[in-house]
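The block underneath contains the structure these notes are about, expressed in structure tokens.
Throughout, read-outs are computed from the coordinates displayed, never taken from laboratory work. If you're wondering where the values come from, they're calculated on a predicted model, not measured in any experiment. No Cβ is skipped: glycine too gets one built from the backbone with ideal geometry, and neighbour counts run over all protein chains shown.
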Amino acid sequence: MKRTLKYFGIVMGILVLVLLVVGLYIGASEIPTYEIEKIEYTAVSTPETVARGKKLASMLCSNCHMNKTTGKLTGTQMLDAPKEFGTIYSQNITRDKEYGIGNWTDAELLYLIRTGIKRDGQYSPPYMAKLPLMADDDVNAIIAFLRSDDPMVAANTTPDTPSEPSFLTKMLTRLAWKPFPMPAEAIPMPDSTDVMATGKYLSHNLDCFSCHSADFKTNNFLQPELSEGYFAGGNPTLDYEGRVKPTSNLTPDVETGIGNWTKEQFIRAVKYGQKEGEPALTYPMVPYTQLTDKEAGAIFEYLKTIPAINNDVERAIY
Ligand code: HEC
Ligand code: HEC
């Protein structure tokens, strides 16, 4: 008995030591880096692509990268990132060659946006968005916009504040979070005359599904429909003060989802944050004023066809 205890003690001692060494190693190490595949790509820029890119970037990048005072994409502290991820800052993505991304090639930008791997090979954790499913033309449009002479991205010398990722973030980048593969085949735009396909495309690529499913941690970014609680809400997103704002159930469930909503009510909520007889929707649900009624309506039509899930989410109103 005594002997067994002694061995048990020794084994536990070794285990604790190993964990300590692994912990110290991860704590002191950087987020892992990956090899960058060489790809050939130069953005195609026309007034139309730049305009389309501005519209997409305003919905997809500005929330995190815009300085709210100047309206420029010079980076800011991400007050709504979960505290356990560390202290996170988005970066200056204006055209400045030293402080922004003026020195990045179009291919390097494409590679980061698709895979999450930066030009120096370092992986960018989930607090930086990726677009693994977006059509090639739309990703091209975003890059064309970042290169344009729009005031939002005009060269600006605001220096970056480096993020301080937590131990948990570093550990997760070794165990759970991995870059997405570079798409092996071309990704076409959905047929613009197909309402269902357009609605599905927008609801996946404008990140609606990612906030409105059960949890960021259980989302399937490559096959959104397989995400836990697909569009049934309850994801504990945070506002700028770090308070929990659970997301709404957008499945066609009559009792707890949008089964009883009209298309007009949906469009008003999505584009202007307005709900009849209730306070306006607040951050992180931002008004998608850039969407046309047709686009917001297409999202509604698509959501009406997905499986209804009964999940009663109570609004947090502060
Ligand atoms: C949810 C917040 C968020 C969204 C949305 C987001 N970003 Fe980021 N972005 C970040 C953060 C945070 C970093 C810093 C990441 C890091 O430290 O690895 C970053 C880094 C970057 C970088 C690297 C800059 C550098 O100098 O290393 C680029 C380029 C970039 N983002 C472009 C974009 C584009 C384009 C979009 C829209 C399609 C976008 N981001 C959307 C938060 C975000
Ligand atoms: C960053 C996370 C986030 C993203 C992205 C997001 N939403 Fe939301 N959404 C929320 C939150 C949180 C609420 C609840 C807001 C509140 O209670 O004030 C909400 C509420 C809503 C509501 C109101 C539903 C109700 O029952 O009151 C609708 C409709 C909606 N979102 C549609 C969308 C659509 C469509 C998209 C994509 C174009 C989208 N959301 C993208 C977080 C998000």
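Taking the Cα centre of segment 140-281 as origin, work out the dipole magnitude from +1 charges on Lys and Arg Cβ and -1 charges on Asp and Glu Cβ, in debye rounded to 20. Display every interim value, and only then the final one.
Numbers: 12 positive and 18 negative charges, 61 e Å.
Using Cβ point charges on Lys, Arg, Asp and Glu, segment 140-281 gives about 300 debye.
For segment 195-303, please report how many Lys pairs fall under 16 Å Cα to Cα, leaving out neighbours fewer than 8 apart on the same chain. Mind showing how you got there, number by number?
Numbers: Lys200/Lys263; Lys200/Lys294; Lys263/Lys271; Lys263/Lys275; Lys263/Lys294; Lys271/Lys294.
Final tally of qualifying lysine pairs is 6.
Would you please give the residues with an amide H less than 5 Å from that of Leu238, counting only those at least 5 places away or on a separate chain, with H modeled from the backbone geometry?
Here the answer is Lys245, since their amide H atoms fall under 5 Å of that of Leu238.
Taking the Cα atoms of the chain alone, what are Rg (to one decimal) and Dmax (as a whole number) in Å?
21.9, 81
Among Thr94, Leu20, Pro190, flag the residue with its Cα farthest along the positive direction of the charge dipole of the chain, charges on Cβ as +1 for Lys/Arg and -1 for Asp/Glu.
Checking the options against the dipole of the chain, the answer is Leu20.
What 222 nm value per residue comes from the helices of the chain, counting each DSSP H run with n ≥ 4 as -39,500 (n - 2.57) and dividing by all residues, nearest 500 deg cm²/dmol?
Details: 10 runs with 112 residues, N = 318.
Result for the chain, helices only: -10500 deg cm²/dmol.
Ordered by packing density, taken as the mean number of other Cβ atoms within 10 Å over each peptide's residues, highest first, how do 155-165, 209-219 rank? Mind showing how you got there, number by number?
Details: 155-165: 15.1, 209-219: 19.0.
Per-residue mean Cβ counts within 10 Å order the peptides as 209-219, 155-165.
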